[in-house]
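Since the structure comes first, as structure tokens, the remarks are kept for the end.
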Amino acid sequence: MERATFESSPLLGGLELLQASYEKQTFSRHTHEGYTVGVIRQGAQRFWRHGGYHIAPQNSIILVNADQIHDGHSATEGGWTYEAMYPTESQFKAVTQELGLASEVPYFPEAVEQNPQLAHQLLTLFSLLRENQDPLLTETYTHHTLLSLTCRFNKRPQAPVELAKSGKEIEWVRDYLHQHATETVSLDTLSQLSGISPYHLVRQFKARFGLPPHAYQIQLRVRLAQTKMKNGMTIADCAISSGFHDQSHLHRHFRRIMGVTPRQYQKAISCNLSASLPADTSGILY
């Protein structure tokens, strides 16, 4: 049975959380704006990250860096149950700035960690964030955990030589996709823009950014829809204004990337925004 609960804590401007049990769910290759830090409670998950497949068994920790390509599906017949959070680089920096660290954000070299103490710490944090019965304790524990992750994983790798030598033409293509995320863009247009043949363009773009151009544009549209939902737009309007054909088109891609439906996501965001409003706004000027 597929079950997923998406929540957004008011801490750090909205720290996103997911509780889920999946059996048949298959995530397409995608990225998140934030990091993925999760713990497998039951079963096992198989996922692709950084050029290879990994299996995360029960009690293991899943680690995916911000904007890093990954996917996911069950590694066992009964599926898997897990909890995860998605802290962004800015949320890490809000905790670690001015501490003199080599880097204010972590880098996870391994996709799966076996560390019972850290797993317990993360599960405790997830529980505190969901319940939020003691705001001071929750905020303190959140800062402590994000700082612990940054200190533990504070070394970034050198950029691969082949990526460091990528031409500026591929950067132009990426910038063009950002500027025209909601529009229909042809491969021929990108080829003319970059001066690279369509075949080599797709290969070089995927080597540089981890996704082919069409999948990269879908990723941009999902993120745009998230932003619009946070601003109170209806799901149907989000779908059209973000470049999707209709609401079902958004639903399909959103669930394959986020693991929850747009409605579940919107409900979590709406609850968070409502909880953040002051009880009496009569004296506030807008």
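Among (1) in a strand (DSSP E or B); (2) at pLDDT 95 or above; (3) open to solvent by 20 Å² or more (accessible area, probe 1.4 Å); (4) not basic (K, R), which single condition is S28 missing?
Evaluating S28 over (1) in a strand (DSSP E or B); (2) at pLDDT 95 or above; (3) open to solvent by 20 Å² or more (accessible area, probe 1.4 Å); (4) not basic (K, R) leaves (2) as the failure.
Looking only at region 173-201, filter to residues that are among the β-branched types (V, I, T) and open to solvent by 50 Å² or more (accessible area, probe 1.4 Å); which one of those is nearest to T227 (Cα to Cα)?
Looking at the filtered set, the residue picked out is T182.
Looking at region 202-232 only, could you name the residues that are open to solvent by less than 70 Å² (accessible area, probe 1.4 Å), under 25 Å from G51 (Cα atoms) and either without any contact (Cβ under 8 Å) to a residue 24 or more places away in the chain or not in a helix (DSSP H, G or I) (or both)?
The answer is V202, G210, L211, P212.
Run A102 past the list (1) touching a Lys or Arg at 6+ places or on another chain (Cβ under 7 Å); (2) among the small types (G, A, S); (3) open to solvent by 80 Å² or more (accessible area, probe 1.4 Å) and report the number of the one that doesn't hold.
Unmet condition: (1).
Which condition does E110 not pass, out of (1) over 23 Å from the mean Cα position of the chain (by Cα); (2) over 30 Å from A239 (Cα atoms), if it passes all the others?
(1)
Counting only residues that are assigned to a loop (DSSP other than H, G, I, E, B) and not acidic (D, E), how many does region 1-21 have? First the steps, then the outcome.
So the first thing to find is which residues in region 1-21 are assigned to a loop (DSSP other than H, G, I, E, B), and the list is 1-2, 10, 14.
With the extra rule that they be not acidic (D, E), the set shrinks to 1, 10, 14.
Of the residues in region 1-21, 3 are assigned to a loop (DSSP other than H, G, I, E, B) and not acidic (D, E).
The values are calculated or read from the model by the stated rules, or taken from the named source; none is laboratory data. Predicted, not measured: the structure shown is a model, and the values here were computed from it. Neighbour counts are summed over all protein chains in view; Cβ atoms, including those assigned to glycine, are modelled from backbone coordinates with ideal geometry. Heavy atoms of the whole protein, side chains included, go into the accessibility calculation; ligands, DNA and RNA do not. Shrake-Rupley method; radii C 1.70, N 1.55, O 1.52, S 1.80 Å.
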